[in-house]
Every structure is written in C-alpha cells, then in structure tokens.
1. Check off (1) of a type outside the set (V, I, T); (2) in a helix (DSSP H, G or I); (3) touching a residue at least 12 places away in the same chain (Cβ under 8 Å); (4) surrounded by fewer than 21 Cβ atoms within 10 Å (Cβ to Cβ) for S99 and give me the number that stays unchecked.
2. I need the full set of residues from the range 60-87 which are modelled with pLDDT of 95 or more, among the aliphatic types (A, V, I, L, M) and either open to solvent by 30 Å² or more (accessible area, probe 1.4 Å) or over 29 Å from F151 (Cβ atoms) (or both), in order please.
3. Would you point out which residue out of F151, F75 is part of a strand (DSSP E or B), more than 16 Å from the chain's Cα centre (by Cα) and outside the structural domain of L180 (by TED's automatic domain parsing)?
4. Within the range 198-211, how many residues turn out to be surrounded by fewer than 14 Cβ atoms within 10 Å (Cβ to Cβ) and either assigned to a helix (DSSP H, G or I) or in contact (Cβ under 8 Å) with a residue 24 or more places away in the chain (or both)?
5. With the requirement that a residue be closer than 13 Å to D322 by Cα and either open to solvent by 70 Å² or more (accessible area, probe 1.4 Å) or out of contact with any Ser or Thr (no Cβ under 8 Å at 6 or more places or on another chain) (or both), what does the range 287-307 give you?
6. Quick one: would you say V57 is away from the ligand (no atom under 13 Å from the Cβ), in contact with a helix residue (DSSP H, G or I) (Cβ under 9 Å, 6 or more places away or on another chain), open to solvent by less than 70 Å² (accessible area, probe 1.4 Å) and more than 30 Å from N119 (Cα to Cα)?
Amino acid sequence: MIEKQRKILHVDMDAFYASVEILDQPKLQKYPVIVGGNPNSRGVVCAANYIAREYGVHSAMPLSRAKNICPKAFFLPVRMSRYKELSMVIQKIFSSYSSLVQPLSLDEAWLDVTENKYNILSATWLAESIKSDIKIATGLNCSIGVSYNKFLAKIASDYNKPNGIYVIPPSQAIKFLSVLDLRKLPGIGKVTEQQLLRLNLKTVGDIQKLSREELYLKLGRLGKSLYEKSRGIDKSEVKLSKKSKSISVESTFSVNTSNINDLKLVLKKLVLRLYQRTHQKGIYGKTINIKIKFYDFEQVTRSFSLEFKSLSQGHLLNVYTDKLTTIIKCEFPNKKVRLMGIGISNLLSTKSVNKNLLDYFKDRQ
Ligand SMILES: [Mg+2]
C-alpha cells in the first residue's frame, strides 16, 4: 500500500512565558527576564528569555541558582491566566489552518496540514503564514518545524530557534539526523545519554550504523525505538486534544416549535440539568455552547466565552436565554425547532476558578 506523504508542522512559541511578560512590559526587552517568582524562594525557573539563557539560565533551574549566575535579571511571578489567554488566540489561529491540531502545552502544538483549510500544497508556505498570523495577533515570535512526521517536525522547530522555520524534507532526513547528537532527540535525557555514551553511541549516525537486532540486543525497547527514530520513521498521528472536553445536555421536542416561551421553558430545564451535572463535580466551563436543530435538520451551534461572574445557575440561564433569543428571533425567525442542546467546554475545576476569581478581582482593584 502506498501511503500518502504527510505534512506535519510543529509550532513552538519562543520563550513563551518570558516573551509574554516582555510583551506586556516592553521596557524589559533589553534585560534578562526570568519567570518563576521571587529568587529568594525555593521555586524554579519556569521560563527565561534568550538574554538570560546566555548566562546559562534554563528552565527548571532553582531560582536561587539563577540569581547567582544572573543577578541583574528581572524575576517575575508566573501569570498563568495571561499565558492561557494568549494561548487561546494562538490555538484559534492553528484551527483556522487545520482541524487536526494536537496541543502539547500552552505554547506548543503539532498540526497535520496534509489536508488544510486553504488547500495549499506547500507546508512551508503554511508555516510562514501561521508564523505571521501569530505575530500580528499577539506580537509574539514562534519557531516552526516542517516535516513528514511528528518526530522530525519537533526536531526541526528546535533547530532554527528562535524565530525560525526549518524544513526537513524526506530526501534529507537521514543525512540531517546523522550528525545530530542523540541528546537532541526528544525523550533522550541526561541519564539515557550517559547510558548511550558508555556504548560509544554519541550521534544519531552511530545508531544508523547498527541493525535493528543489534540495537535491540544492546538496548531493548529503547533500541527498537532508536532504530526507527534514527531512520526518520515515526508513524504516530496528530491526535485531536483529548476528546474535546465538554459537558452537554440536550432535549428533543415531541412537537416541533418556534414559540420562544416554549423554548425558554425547555431551556430552563436544560440549564438545571447542566448545572447539576457540572456543579456536583465542581466543574466550571469558560465557554458555553448552544445547539439548535431545526425541523429540517439544519443545525446551528454557537459558542460564547463566559465572564467569571457567571457561576450561578440564574446567571447561566440568563446568558443562554439571550443567545437562544438571538438565534430564534433574529437569525431564524419562525423556524421550528426539533432539538435543543446546551453545554460548557474549556473546563476548569472550581478550585482553579476560585484562584482565577482572586486574580480577576486583584486586577480590578
Ligand atoms: Mg516554547
């Protein structure tokens, strides 16, 4: 069977948390910036900009050590809600290109652009376009790796960092990999690197010289994986982010209706059911969704972002009623409805909501 050559992008924001801080406080631009909190605390570095990295500061380093080697750095607290906000803007850009997006973290994702929403054949063109969209929408830089599988795309995004695009075409993969240090491969940490060095295996090229059997005998399962990686083989697919987390309820009418009061009555019951299902579990969604299916099976769905204050059942009902009224009265006047569904997505637990609420009020003060 001939498999279609895939086109995979790996997008990685450059020094994301630190870059966001500099975006919000441009005067920090020329200085080393370290995100993680008070350097006298026992915390670790969450992110460092490239100036700080020149001093040897890196993620996961104790803040006290970072302070020692880079005393002039600005040490800033982590503002997760702000990073999430920008991450959502970035994710939206991703989904405007492909429906196959797999986020790895707030600032990293794989995109399968073999089929894409612009029907563009050149993955490099798409990478350039995504990069410029992100820059325009957020002011932030990213690096993008372009290749024919996830493994190579991830290596490629790291290769031309920061603010670069790097392409590994199929014909170049073996050669490109051969000179790489094994440490550069995702998943090979210090300990494994030492283990490999003891066997005189330093570069991917050293692995390429060995057969599958030799590698398996020397290294077991790691050997099998290295055999494939060293030859640029990775069949894993770009998976949609864990079954789009949402909770929803719906109701099919026994008699189709366009009467707004009847619809509101059903909506009220749905909100109660939704509230019971989410409230009991301590779950809260930042996005609400409403779905209407009409008698002729035409369907509309709408999503809206919620403010933090929308925690109560009454408030939830008000928001849904507003949206329902707009859809029924303005967008599809007098069209009979056969099914209505509501849901929440972008889920958070109430624990984190309370924290967000605190941040929210802090910002308001
Ligand atoms: Mg990053």
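The values are calculated or read from the model by the stated rules, or taken from the named source; none is laboratory data. Remember, it's a predicted structure, so these values are computed and weren't measured experimentally. Cβ placement follows ideal geometry from the backbone for every residue including glycine, while neighbour counts extend to all protein chains displayed. Surface accessibility is based on the protein's heavy atoms, side chains included, excluding ligands, DNA and RNA. Shrake-Rupley method; radii C 1.70, N 1.55, O 1.52, S 1.80 Å.
1. Tallying (1) of a type outside the set (V, I, T); (2) in a helix (DSSP H, G or I); (3) touching a residue at least 12 places away in the same chain (Cβ under 8 Å); (4) surrounded by fewer than 21 Cβ atoms within 10 Å (Cβ to Cβ), S99 fails exactly one: (2).
2. A66, I69, A73, L76
3. Only one candidate qualifies: F75.
4. 1
5. R302, S303
6. yes
Here is a yes/no grid of residues against (1) assigned to a loop (DSSP other than H, G, I, E, B); (2) away from the ligand (no atom under 15 Å from the Cβ):
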site: M88; (1), (2): no, yes
site: K92; (1), (2): no, yes
site: P103; (1), (2): no, no
site: L121; (1), (2): yes, yes
site: A127; (1), (2): no, yes
site: K131; (1), (2): no, no
